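Since the structure comes first, as structure tokens, the remarks are kept for the end.
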Amino acid sequence: MTDDDVLQNVGPRLRALRTERGATLTDVAGTTGISVSTLSRLESGGRRPTLELLLPLARSYGVAIDDLVDTPAPADPRVHGRPIERDDGMTMVPLTRQAGGLQSNKMILPPRWRVGDTD
């Protein structure tokens, strides 16, 4: 989804929030300080939303700006590495993505495994 797609969806969201609350453009203009004509153009897509316009609107509707622009959810930050099983029964699960440099692994030890059991 491009930035233009995201911004085009703001107008319909603003209109939906306003109608859900039973507010008129005049009501919203009174609480935000944004003119009725600017609000109308925002809702119809005739004006690009800016941060200066979205901040008071988000406050007025009691929502986060992310709810107005429908930003995509962030990617899953967790690492799902393939477990590495060693001959001595220990399993290592990578916790970092990068191939070089400092690495972090989760070590799963078999029952009754002792430190002296390694090669």
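The values are calculated or read from the model by the stated rules, or taken from the named source; none is laboratory data. Predicted model, so just to flag it, every value in this text is computed and none were measured. When we count neighbours, we look across all protein chains shown, and the Cβ atoms used for this are built from the backbone with ideal geometry, even at glycine.
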Q. Do we find a residue being modelled with pLDDT under 90, of a type in the set (A, V, I, L, M) and closer than 30 Å to Ala29 by Cα anywhere in segment 54-62?
A. no
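Does any residue of segment 68-83 turn out to be assigned to a helix (DSSP H, G or I), surrounded by 11 or more Cβ atoms within 10 Å (Cβ to Cβ), of a type outside the set (Gly, Ala, Ser) and at negative phi? Full working, then the answer.
So in segment 68-83, the residues assigned to a helix (DSSP H, G or I) come out as 68-69.
Those left that are additionally surrounded by 11 or more Cβ atoms within 10 Å (Cβ to Cβ): 68-69.
From what is left, the residues that are of a type outside the set (Gly, Ala, Ser) are 68-69.
Now restrict to residues that are at negative phi: 68-69.
So far as segment 68-83 goes, yes, one or more of its residues are assigned to a helix (DSSP H, G or I), surrounded by 11 or more Cβ atoms within 10 Å (Cβ to Cβ), of a type outside the set (Gly, Ala, Ser) and at negative phi.
One line per residue, one yes/no per condition, for (1) over 27 Å from the mean Cα position of the chain (by Cα); (2) outside any helix (DSSP H, G or I); (3) loosely packed, with under 13 Cβ neighbours inside 10 Å:
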residue	(1), (2), (3)
Leu17	no, no, no
Gly22	yes, yes, yes
Val28	no, no, no
Thr31	yes, no, no
Thr38	yes, no, no
Glu43	no, no, no
Arg48	no, yes, no
Leu54	no, no, no
Q) Just wondering, is there one or more residues in segment 22-38 that are touching a residue at least 24 places away in the same chain (Cβ under 8 Å) and not β-branched (Val, Ile, Thr)? A) no
(Q) Could you check segment 1-15 and list, in sequence order, the residues that are exposed (fewer than 14 other Cβ atoms within 10 Å of the Cβ) and either part of a loop (DSSP other than H, G, I, E, B) or among the charged types (D, E, K, R) (or both)? (A) Met1, Thr2, Asp3, Asp4, Asp5
Q) Restricting the first residue to segment 89-115 and requiring it to be within 18 Å of Arg78 (Cβ to Cβ), which pairs with a second residue that is among the small types (Gly, Ala, Ser) meet a Cβ separation below 8 Å and a spacing of at least six or different chains? A) Val93/Gly81; Pro94/Gly81; Pro94/Ser104; Leu95/Gly81; Leu95/Ser104; Thr96/Ser104
Q: Report, ordered by the first and then the second residue, all pairs with beta carbons closer than 6 Å, sequence separation of six or more or different chains, a first member in segment 66-86 that is touching a residue at least 60 places away in the same chain (Cβ under 8 Å), and a second member that is surrounded by 10 or more Cβ atoms within 10 Å (Cβ to Cβ) and part of a loop (DSSP other than H, G, I, E, B).
A: Asp70/Asn9
**Q.** segment 84-104 - residue that is surrounded by 12 or more Cβ atoms within 10 Å (Cβ to Cβ) and among the hydrophobic types (A, V, I, L, M, F, W, C) and, of those, farthest from the chain's Cα centre (by Cα)
**A.** Met90
